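Peer 1: Take a look at the following structure, please.
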Amino acid sequence: MAGIYIHIPFCKQACHYCDFHFSTSLKKKDELVKALVRELELRKDEFKNQTIETIYFGGGTPSILTIDELRLLISEVYKNYQVSDGPEITLEANPDDLTNQRINELANTPINRLSIGIQSFFEQDLKLMNRAHNVDEAKRCLQEATKHFENISLDLIYGIPGLSNERWLENIETALSYNIPHISSYALTVEPKTALDTFIKKGVIANVDDDVAQEQFHILIEKLVASGFVHYELSNFGKPGFFSKNNSAYWQGESYLGIGPSAHSFNGSERGWNVRNNSKYIKAIAQNTLPMETEILSTTDKYNEYVMTGLRTMWGVSLEKVAQDFGIGYKNYILKQSQKHINEQLLYVDNGKLLVTKKGKFLSDGIASDLFKLNLR
Ligand code: SF4
C-alpha cells in the first residue's frame, strides 16, 4: 500500500501562526501545476510495484486550484501509477473557497474526502489567527458540504490566547452539530519567526498557556469520545470506518510519494524532501531534474520514527515488532527507558504494546524522545 501527497504551495493570506511552505502570490500557479504534472511523470518508476490507495492534496491551500487543475492532477496520477479501486482522495480546503457552487462541482470529481480548515467558530479567534474566512462562511460551507460528501474532516485549534474553556467547548459542540465523521485538532504552537511569534514578543498578543492548552485537549477528548469518536491518533478523532487512510498509512510506516515544493517522500528505507521554494522547484523540474535531497535511514532512525509515531496512535509501540525489526537490544532498551514513565503512570504495557495513558497523552512527543536511541552514524 502506498500514497501520493501533492503539495499546493499557495494561500490567499498568511495565517499568523503558520510555518508551512506557501506563497501568497499566485503568479506562478500555472507553471507550478505544470511542474507537478511533470514530477508525477518523472517519478513514476519509483512506485511501479506499489498500488496507490490514497491521494492527498495538502498545502498551502489546495482549494485555490480550479476544478480542471485538480482533475488534471488526479488523471496524471492514474496515468502514471497503479491506483487501487476506490482510493481515498482528500482535498484540504478553506471555507472561503468552498462556495456552494464549488462544493457541487467538487462532488462531481473523483475527490471523495474534504478536510476543511475551520479552526474556530468565533470571529475573534479567526481574526487573531488571520484566517481568510469568517464564521458565517465556515457554517455555510459545512452545511452545504455535508449534503454532498459523506467523508468530511474539520480542523479545530485550541490553546488560542483568550479562548476560554467555555468557548472551546462551544466550538466542539458546534462542530458536532454538523454530524461529520472526523475531527483533527491541534494546540496552537508558536513557531519561530511567524507573525504570532513577533506579536507575542511585542506583547500585542498574550502568550499561549500550556496548562490551558492541556485542559482544552482533555475537554476535547472527553467530549468527542462521549460522542462516538475514536481517539486514534494524538490530534485525530474518527468515527469507526472514517479514520484518515492517508494519515494512518503514514503513521504505520507505509510508503508515500511527496510531489511539489517542500513535499516529503518515504519508500521504506529512504526519506526525501523537495526544495522549499516555488521558483527553484519549477526551474529544476523544467530541466527534468528532481529538486530533492535524500537520506537513507539507519536502523536507529527507523526505530526512533516508529517510537514517535507509534506512541501518538492507539496502536502503540509493539514490543515484538521492536525486537523483530530492530533487534532484541532495542527491545531491552525501550523497556528500560520506559520504566520511569510507567512508574509515573504516563505509559503502560497492554498485550505487548507500549501505550500512553490518558495523563501521558498531551506529553507523548516528549515521552517518545526519552525512548529514542542516539544515532551514532
Ligand atoms: S491556510 Fe493553511 S497553509 Fe495557508 S497560511 Fe493558513 S494555515 Fe498556513
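Peer 1: Explain nothing, just the number: relative contact order of the stretch 234-357, from Cα pairs under 8 Å at least 6 residues apart, as a whole percent.
Peer 2: Normalised by residue count, the contact order of the stretch 234-357 is 16 percent.
Peer 1: State, as an integer percentage, the relative contact order of the chain based on alpha-carbon contacts under 8 Å between residues 6 or more apart.
Peer 2: 16 percent
Peer 1: Would you mind counting up the charge near residue 337? Only other residues with Cβ under 12 Å from its Cβ, with Lys and Arg at +1 and Asp and Glu at -1.
Peer 2: Charge balance in the 12 Å sphere: +3.
Peer 1: Where Lys and Arg each count +1 and Asp and Glu each count -1, what net charge lies around residue 86 among other residues with Cβ under 15 Å from its Cβ?
Peer 2: For residues surrounding residue 86, the net value is -2.
Peer 1: For residue 340, list the aspartates and glutamates whose Cα falls under 12 Å from its own Cα; do not include residues on the same chain fewer than 8 positions away.
Peer 2: Answer for residue 340, where 12 Å is the Cα cut-off: 370, listed by chain and number.
Peer 1: Per DSSP H run of n ≥ 4, the term is -39500 (n - 2.57); total these for the chain, divide by its residue number, and report the mean residue ellipticity at 222 nm rounded to 500 deg cm²/dmol.
Peer 2: Taken over the chain, the calculation gives -12500 deg cm²/dmol.
Peer 1: Taking the dipole about the Cα centre of the chain, with the C-beta of Lys and Arg at +1 and of Asp and Glu at -1, give me whichever of 176, 329, 219 is farthest to the positive side.
Peer 2: Checked the options; the winner is 329.
Peer 1: Using DSSP, restrict attention to beta bridges with both residues in the chain and report what percent are antiparallel, rounded to the nearest 5.
Peer 2: Within the chain, antiparallel bridges account for around 40 percent of the total.
Peer 1: May I ask you to derive the relative contact order of the stretch 180-255, considering only C-alpha pairs under 8 Å and at least 6 residues apart, and to give it as an integer percent?
Peer 2: Once normalised by length, the contact order is 36 percent.
Peer 1: Could you work out how far apart the two model spin labels at residue 267 and residue 100 are, taking each label as a point 7 Å from the Cα in the direction of the beta carbon, and quote it in nm?
Peer 2: If labels sit at residue 267 and residue 100, their model points lie 4.9 nm apart.
Peer 1: Could you pull out the pairs from 28/79; 147/245; 34/302; 12/44; 34/245 whose alpha carbons sit more than 29 Å apart here?
Peer 2: 34/302; 12/44
Peer 1: Right, another one. Between residue 79 and residue 147, how high is the FRET efficiency from 1/(1 + (r/R0)^6) when r is the Cβ-Cβ distance and R₀ = 35 Å? Nearest 0.05.
Peer 2: 0.65
Peer 1: With the Cα gyration tensor of the chain in hand, convert its eigenvalues to equivalent ellipsoid semi-axes via √(5λ) and list them largest first in whole Å.
Peer 2: 31, 29, 21
Peer 1: Hey, in the chain, which Cys have no second cysteine's beta-carbon closer than 4.7 Å?
Peer 2: 11, 141
Just so you know, all these numbers are worked out from the coordinates, no wet-lab data involved. A quick note: this is a predicted structure, and the numbers were derived from the prediction, not measured. Every residue, glycine among them, receives a Cβ derived from its backbone with ideal geometry; neighbour counts consider all protein chains shown.
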